[in-house]
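The values are calculated or read from the model by the stated rules, or taken from the named source; none is laboratory data. Predicted model only: the values in this text are computed from it and were never measured. With ideal geometry, Cβ positions are generated from the backbone for all residues, glycine too; neighbour counts draw on all protein chains shown. The accessibility values were calculated without ligands, DNA or RNA, using every heavy atom of the protein model including side chains. Shrake-Rupley method; radii C 1.70, N 1.55, O 1.52, S 1.80 Å.
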Amino acid sequence: MDYAIETISLTKIFSDWWGRAKVYAVDDLNLKIRPNEVFGLLGPNGSGKTTTIKMLLGLLHPTKGHALLLGGQGADPKINARIGFLPEESYLYRFLNARETLDFYGRLFGLAPDVRKMRIEALLEMVGLKAVARRPVGTYSKGMARRIGLAQALINDPDLLILDEPTTGLDPIGTRQIKDLILKLAERGKTILLCSHLLADVEDVCDRIAILYGGKVQSEGRVGDLLRQADKRQITMGAVSDKAIGKIQQILDEEGVDCEITAPMEKLETFFIDTVVEAQQQSQPTSGAVSTTDIGEFLTAEKSQGNILDKLVSTSEAEQTPAVAPETEHVEPAGVTGPQGDQDLLGELVAPEAEPETEQVAPVEKPGAPQPAEVPEVKKNVLDALTGRSATQDDTTSSPQEPEKDGESGDG
Amino acid sequence: MGRIWAVARNTIRQALRMKVAVIFIVLLLVLLPVMGLTASGDGTLMGRLQTFLSYGLSLTSLLLCLLTIIVATYTITSDIEGRQIYMVATKPIRRHQFILGKLLGVVVLDIVLLVIFAGTVYAMVMLLPRFYDAPEGEIAQVNSEFYTARASLVPPVIDVSEEVRTLYEEKKDQLKQVYQTLSQQEILKELTIRKRLEKRAAAVGQGVLWEFENVKPLGPNESLYIRFKYDVAENPADGQVYGRWQIGDLRQMRYGTEIKTPVWPEDRKDPVRAFREIEVRADVVAEDGYLAIGYLNPPLNRTVVLFPLEDGLEVLYKADSFTANFIRATLVILCRLIFLAVLGVLAASFLSFPVAILFCLVIFATGTVSGFILESFDLMGKNIGIIYSYTIEAVVQLLPRFDKYNPSKFLVPGRLLSWSFLGSVVLSMVCIKAFLLLVLSLIIFSFRELAKIII
């Protein structure tokens, strides 16, 4: 086998009450997803993405064909033990609080009590819900429910992660966080099936994609290959004089090539995060104390992302102990350690994922709107913004961000 | 097991936090004490106790039954309709473990609530006499007839089929003229009843003898009660009938051998068609559990005296304590709850919430009046009866017979609810019927598609 996910002419026909075939939800689907691949399943609404996932997991029976997960059936508990699944919405037990929710799923995975406890704390911290962990999840906003849904998908340290629309309902910062997490997990050898119609998300993280329409694969391949415009080139440079530009144009004219010169546009995501960070900095003097706690938590969340991964993946608990220390920080504001920790984490995040990403996503830009800020750079920008500020201003940065996040998720 | 228990815990949490159970708990906690204070029956202490016990236990049982049906169906259907099942079924838990976990949760909840409420009823029944200034006589009566678990022995039904057949063959034509409208079957039935009554009737100057075996009172110092009701062919002027009774091991009187156990003589005069009890010391019973009761119809009566078939005569003796009896009664209710929990699970495994709950309530109601339904089939004409006996009657027989296994029926008159009776309830209601339903629900749930069809 050697495929993490394999479907063999998988077909699902929904029939009406009389048994007459009505809709081909999935039609003769042959997917092959290799281990350690981030695979994006794209398609408009009703294209069969979710149905495919439900068949993979044994929630629906295929009308025809087979679906194999990690070489076995999706309904086999042995296979389930190695899978993390986030459905298209977080279907939570409204009467449980966040901690009880994770505890319940941890028990279903048969995790030993101490491992369970450790992972629950780490995950709560990672998804930034530690402060509200005692509230019933029925009172959570959609974004918060999404976070807890993600946490339950990770509690068993899965080899294969199936995420159906993971970023719906999340604010841009949360989205960014999930995307970073996906990359980080991929880096650690996990296979991820990402199902989405939010193209920007997919583009940022996926190695390969398949586009479904009408239950059939319309197009499949590596993101880079699919999007590269082989007959075009793009140059990004610093501010230059008109004269220099004139010269360049002259050279290109001699070559007989058309060119268009504009100021590059920033990605809205980057712009948004920058704006938020800036706004928070300015409002800092007024709402200092409270928000400090929050941002600490949020950043810790990102930071502990590294921690939890360590815990989940390498389970080197010895190393992890010092890393737990920052956790206390976000309880009392400030602390040099907090931001420093952030910096470490951010550095960590930037370094490994930037390189591989670059190659894939570099050629994506459209000629019409040259965007020198490619995805990895975007990330760097965001992270730089956060890191830079936190490095210079310590808790100052930390403070303002979280209330924003809270507000965001509250609205969602 | 860990996974099953995780689901069970979650189910209990759900029931408690979704306030389904809370409403019932509050209702019971309010109603039981109120009933304890207001139930008065016929005004005597006995009446009060019987009324409260009867209503208290029935109410507890009814509300817990409803709660069980609601929780069992809701907890599964809501997981499917709210799609929480997506995130549970994709975990390493088998479908049958999920169902068993849900069932376990409901049953544990039932046990806890049943212990609480049955305990409340018990405590109130025990404390009630202290709140009333009852006269001595009433207290004695309550002690001997209520706070007890009396076993009841009725004379064995005598096989008269042979006699009936010969009689019918002999007087066929005559009988057919008398009973013109009846079929042969019905005539035979009529004759059987008459013959049986004959065996329980004493003409003037004659008598009836009943023999019992396996009479096992708690000890020789306890009392035996002969409970009887006279019926007469011709009403005496004062409505009273004389009787000369002999109670004990009458075998030993045969050849003038030495008498080891006492024989109790009793001459009395009692009203017709009313229950009366003769109290006898339990040492009249022979060592091997043999007891004979002889009734002589003295010439003073001038009428045939007979003892009605159903309740003409029975021997009562204290066989166990009230407490033990109460505990067994509670276990009978638990069996009922377990059955309903399984029924709810079965319904929820393939129906949506409103339909599932309707389905369960219909079965619950049918089970509660199953005796009535079965009786009505007996009364039906012969031809239609055959059709029904193979269809609806068969179905009704498959249902639990809640009315037949109603514990109040035993506790209120202070009758023994024996272990063997409890065993038969466990066997029929839990081990057979509930088990079959459970297997069915596991099969259905294991093979159904859990996801809704959404395109």
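Odds and ends about this structure:
- 10 Å Cβ neighbours from other chains, averaged over peptide A:75-84: 3
- On Cα atoms only, tilt of B:322-350 relative to the major axis of chain B in degrees: 40 degrees
- Ordering A:17-29, B:60-72, B:169-181 by mean Cβ neighbour count within 10 Å, with the highest value first, yields B:60-72, A:17-29, B:169-181.
- Cα gyration tensor shape for segment B:339-455, rounded if a/c is under 1.5, else prolate or oblate: oblate
- Shown here is the pair-distance distribution of segment B:249-311: with all Cα-Cα distances grouped in 5 Å bins from zero up to the longest one, the shares run 3, 12, 22, 21, 17, 15, 8, 2 percent.
- Going by accessible surface with a 1.4 Å probe and the largest first, B:Ser349, A:Ser9 read A:Ser9, B:Ser349.
- Each Cα pair of segment A:80-139 feeds into the Kirkwood radius, which the Stokes-Einstein equation turns, at 10 °C and 1.306 mPa s, into a diffusion coefficient of 132 µm²/s.
- Net charge dipole, segment B:126-217: roughly 240 debye, given to the nearest 20, about the Cα centre with Cβ charges of +1 for Lys and Arg and -1 for Asp and Glu.
- Rounded FRET efficiency, nearest 0.05, which uses the C-beta distance separating A:Asp76 from A:Asp114 and R0 of 22 Å: 0.20
- Of the listed residues B:Ser352, A:Ser47, B:Ser223, the order by accessible area with a 1.4 Å probe, largest first, is B:Ser352, B:Ser223, A:Ser47.
- Cα convex hull, segment B:228-362: 203 Å³ per residue, rounded to a whole number.
- Rounded to whole Å, sorted largest first: equivalent-ellipsoid semi-axes of segment B:415-455, Cα gyration tensor: 39, 9, 4
- Of every Cα-Cα pair in segment B:214-278, the percent that sits beyond 20 Å: 45 percent
- With kT/(6 pi eta Rh) evaluated at 37 °C and eta = 0.692 mPa s, and Rh the Kirkwood radius from Cα pairs, segment A:146-201 diffuses with a coefficient of 286 µm²/s according to Stokes-Einstein.
- Around the Cα centre of chain B, unit charges on the Cβ atoms of Lys, Arg, Asp and Glu (plus for the first two, minus for the last two) sum to a dipole of about 2080 debye.
- Net length gained if the chain between B:Lys216 and B:Tyr179 were fully extended (0.36 nm per residue, minus Cα distance): 8.8 nm
- Gyration tensor over alpha-carbon atoms, segment A:186-225, equivalent ellipsoid semi-axes in Å: 19, 11, 11
- 17 Å Cα-Cα reach of B:Lys318 towards lysines, excluding residues that sit fewer than 8 places from it in its own chain: B:Lys216, B:Lys409
- With bins 10 Å wide beginning at 0, the percent of Cα pairs of segment A:215-258 falling in each bin runs 19, 33, 22, 16, 8, 1.
- For chain B, the pair-distance distribution built from all alpha carbon pairs, in bins 20 Å wide starting at 0, is 20, 43, 29, 8, 0 percent.
- Considering only B:Gln180, B:Gly239, B:Leu224, the residue lying farthest towards the positive end of the dipole of segment B:167-239 is B:Gln180, judged by Cα position with unit charges set on Cβ.
- In terms of accessible area, using a 1.4 Å probe and ignoring ligands and nucleic acids, A:Met265, B:Met18 rank largest first as A:Met265, B:Met18.
- Flagged links, alpha-carbon separation over 20 Å, of A:Lys32/B:Lys452; B:Lys91/B:Lys452; A:Lys179/A:Lys267; B:Lys172/B:Lys195; A:Lys22/A:Lys216: A:Lys32/B:Lys452
- Value at 222 nm in deg cm²/dmol, rounded to 500, when DSSP H runs of n ≥ 4 in chain B each add -39,500 (n - 2.57): -18000 deg cm²/dmol
- The calculated FRET efficiency for the pair B:Asn143 and B:Ile23, based on their C-beta separation and a Förster distance of 41 Å, comes to about 0.60.
- Placing pseudo-labels 7 Å out from each Cα toward the beta carbon at A:Ile248 and B:Leu197 gives an inter-label distance of 12.0 nm.
- Extension gain, B:Asp288 back to B:Trp5 (0.36 nm per residue minus Cα-Cα distance, nm): 96.8 nm
- Remark: spin-label model distance A:Ser219-A:Gln234 equals 1.6 nm, labels positioned 7 Å along the Cα→Cβ axis.
- Database remark: amide H of A:Leu193 closer than 5 angstrom to the amide H of A:Phe39, A:Leu161, A:Ile162, A:Leu163 (H placed geometrically; neighbours at sequence offset of 5 or more, or on other chains; Pro and chain starts carry no H).
- Under 5 Å between amide hydrogens, built in the peptide plane, is the criterion, and for B:Arg281 it picks out B:Leu224 among residues at least 5 positions away or on other chains.
- Charged-residue dipole, Cβ positions (Lys, Arg, Asp, Glu), segment B:283-428 about Cα centre, Debye nearest 20: 380 debye
- When only alpha carbons of segment B:129-257 are considered, Rg and Dmax amount to 21.5, 67 Å.
- Taking all pairs of distinct alpha-carbon atoms in segment A:4-119, Kirkwood radius in angstrom: 16.2 Å
- Inter-chain neighbour count for A:9-15: the average number of beta-carbon atoms from partner chains within 10 Å of each residue's beta-carbon is 1.
- Kirkwood-based Rg to Rh ratio, segment A:153-268, C-alpha trace: 1.12
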